[in-house]
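Comments concern the structure below.
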2 protein chains.
Amino acid sequence: MAILLLNPGQMGAALGAALATRHDTLWVAQGRGASSRARAETGGLREVATLARGLQQADIVFSVVPPASAQDTAAAVARHGYQGVYVDANAVSPATGQAVARTVQAVGARAVDGGIIGPPPQQRGDTRLYLSGPGAAGVAALLEGALFEAIVLNEEAGSTAASALKMAYAGWTKASSALLLNVRALARAAGVEQALLDEWAISMPDLPQRSERSATANAHKAWRFVGEMHEIADTMASQEGLPEEFHRAAAALWERLAAFKDDMEAEPAAVFEQLAGGGDAGSS
Amino acid sequence: MAILLLNPGQMGAALGAALATRHDTLWVAQGRGASSRARAETGGLREVATLARGLQQADIVFSVVPPASAQDTAAAVARHGYQGVYVDANAVSPATGQAVARTVQAVGARAVDGGIIGPPPQQRGDTRLYLSGPGAAGVAALLEGALFEAIVLNEEAGSTAASALKMAYAGWTKASSALLLNVRALARAAGVEQALLDEWAISMPDLPQRSERSATANAHKAWRFVGEMHEIADTMASQEGLPEEFHRAAAALWERLAAFKDDMEAEPAAVFEQLAGGGDAGSS
């Protein structure tokens, strides 16, 4: 049995490495750069040249791509007439997840809904792949004993529980970080940043550090949160009466930090300044 | 010297009681109900029948009213030709604070900007009245040694630093609470609430309780957060590039809980159900 892992980004490579400890796990070299290759090789994945070659061999495909690419990836797989199991493990809305499922089911594949919570794992317990829908238990079995834990939510036909869970979870983590940066940037823009830090020191003593850690940890990857925030906003909008604007705002805020892409040395003050309208990151 | 306290709501009465320990402090009975009277009498405030009577005697006026009433309160005071010190201690945007200042300055009063952070205090250290603008130090002196601490941010003409600080501070506290209720309601609406609680128990163990505490603590007063959230959104919008939608969403969410007004017994599950679209609070 062979597994095709699309694609060895940071999270995809971590999942691929977990699968590759016990299963023949492939990656597609075409269109991927040197860092994907390095991650795939470190993780013990077997190279195939093209998507067509990979799909010829694969019984199971995992899609781990940016949210905005989830549908295109499914469509590319469907164009090859793939008929195995297709696990969409992306941070997408239930509606996007359903569209992905319809796309691959149209050519005879079986769709399993997935959602990843946690960082690329360093140890067991760090990270979970949630799964839902018919076939979820079979997919989970592939990860038995692996660093990457699999949890089956249900096996009901058409379930998007895994995607919904991911949206609710990231709807707090990534949007609360955005909100915290937002209020600190407001205080800076209004000339009361030090007063806010002094008040926080009295009444919310974790916030000065937490806001700075959030700036440092997130600025360099903010660009890739934007699509996820819109998926969450779409999910909110699909539920009667839940406001979608929290996550539209979070998308706008993370987008404003896109200039820090891959800048691992961003100083908190530079991040707040960028948000407060005075920054020039990326403008040179 | 006499101080007029407008009005003895929960926070106003707490500030009034702190002032009344050392100063003759008045409240206006006209238009106020039995619970205002009880709070005013408990706090040692002296009753006057009408706003006109109070303003005839007052050297200093404190306005502690819902944000949406801040301008009307200032206008009512100005109509009486009041020429003393006017402290707007409300949770309003700097722009609203400036409009209030212009209103009272037009008839010869001196405006001081204020902002309250903390609950009605039980002990010194719980709560601070921030003050900014010319005359701030004189106002702060009234609270020397009081349960209610006063902090002067600056004495610059036209400063709205106290209002800006309040907006940034509440921009986190009240909007992050709204966001947390929002994601839990989403999980409930999507049928994954238990899965979210299980995941939170692993990776964010304070959130199950925190979301429930937030529901219990805030539902009964959510109705009065709505105006404040719009003031914060306006403040964000006034700064180039800061998204206002976080706080529009928070306003919408708190508004949806308005049905729990004064319901001190609201169960968390009922609050989440109301947000998730299935609740019937207030519909009977």
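The values are calculated or read from the model by the stated rules, or taken from the named source; none is laboratory data. Quick caveat, the model's predicted, so the values are computed rather than measured. Virtual Cβ from ideal backbone geometry, glycine too; neighbours counted across all protein chains shown.
So how many residues does the stretch B:52-64 have that are surrounded by fewer than 22 Cβ atoms within 10 Å (Cβ to Cβ) and in contact (Cβ under 8 Å) with a residue 40 or more places away in the chain?
Final tally of qualifying residues: 2.
Quick check on my filter: what residues within the stretch A:215-257 are more than 24 Å from A:E273 (Cα to Cα) and within 11 Å of chain B (Cβ to nearest Cβ)?
Residues satisfying the conditions are A:I232, A:A233, A:T235, A:M236, A:A237, A:S238, A:Q239, A:E240, A:G241, A:L242, A:P243, A:E244.
Select the strands (runs of 3 or more DSSP E) contained entirely in the stretch A:34-116, then report the ones holding at least 3 residues which are under 21 Å from the mean Cα position of the chain (by Cα).
In the stretch A:34-116, A:60-63, A:85-88 are the strands (runs of 3 or more DSSP E) which contain 3 or more residues that are under 21 Å from the mean Cα position of the chain (by Cα).
For A:R248, are the conditions met, namely being within 21 Å of A:A68 (Cα to Cα) and either over 22 Å from the mean Cα position of the chain (by Cα) or of a type outside the set (A, V, I, L, M, F, W, C) (or both)?
Against the criterion (within 21 Å of A:A68 (Cα to Cα) and either over 22 Å from the mean Cα position of the chain (by Cα) or of a type outside the set (A, V, I, L, M, F, W, C) (or both)), A:R248 qualifies.
Scan B:A190, B:A150, B:A215, B:A161 and give me the residue that is modelled with pLDDT of 95 or more, among the hydrophobic types (A, V, I, L, M, F, W, C), over 22 Å from the mean Cα position of the chain (by Cα) and surrounded by 19 or more Cβ atoms within 10 Å (Cβ to Cβ).
Just a single option satisfies the conditions, and that option is B:A190.
Which one is farthest from B:Q57 (Cα to Cα), of the residues in the stretch B:1-30 that are in a loop (DSSP other than H, G, I, E, B) and out of contact with any Phe, Trp or Tyr (no Cβ under 9 Å at 6 or more places or on another chain)?
Of everything passing the filter in the stretch B:1-30, B:G9 is farthest from B:Q57 (Cα to Cα).
Taking only pairs six or more apart or across chains, which ones have beta-carbon atoms under 6 Å, a first residue in the stretch A:213-231 that is aromatic (F, W, Y), and a second residue that is assigned to a helix (DSSP H, G or I)?
Listed pairs, sorted by first residue: A:W223/A:A258; A:F225/A:K174; A:F225/A:W254.
Give the number of residues within the stretch A:239-257 that are modelled with pLDDT under 95 and either surrounded by fewer than 21 Cβ atoms within 10 Å (Cβ to Cβ) or not assigned by TED's automatic domain parsing to the domain that holds A:W172 (or both).
3
Spot the failing condition for B:A95; the list is (1) within 22 Å of B:Q30 (Cα to Cα); (2) in contact (Cβ under 8 Å) with a residue 40 or more places away in the chain, and only one is missed.
Condition (1) is where B:A95 drops out.
Kindly establish whether B:L207 is under 30 Å from A:L129 (Cβ atoms), at pLDDT 95 or above and surrounded by 20 or more Cβ atoms within 10 Å (Cβ to Cβ).
So B:L207 passes the test.
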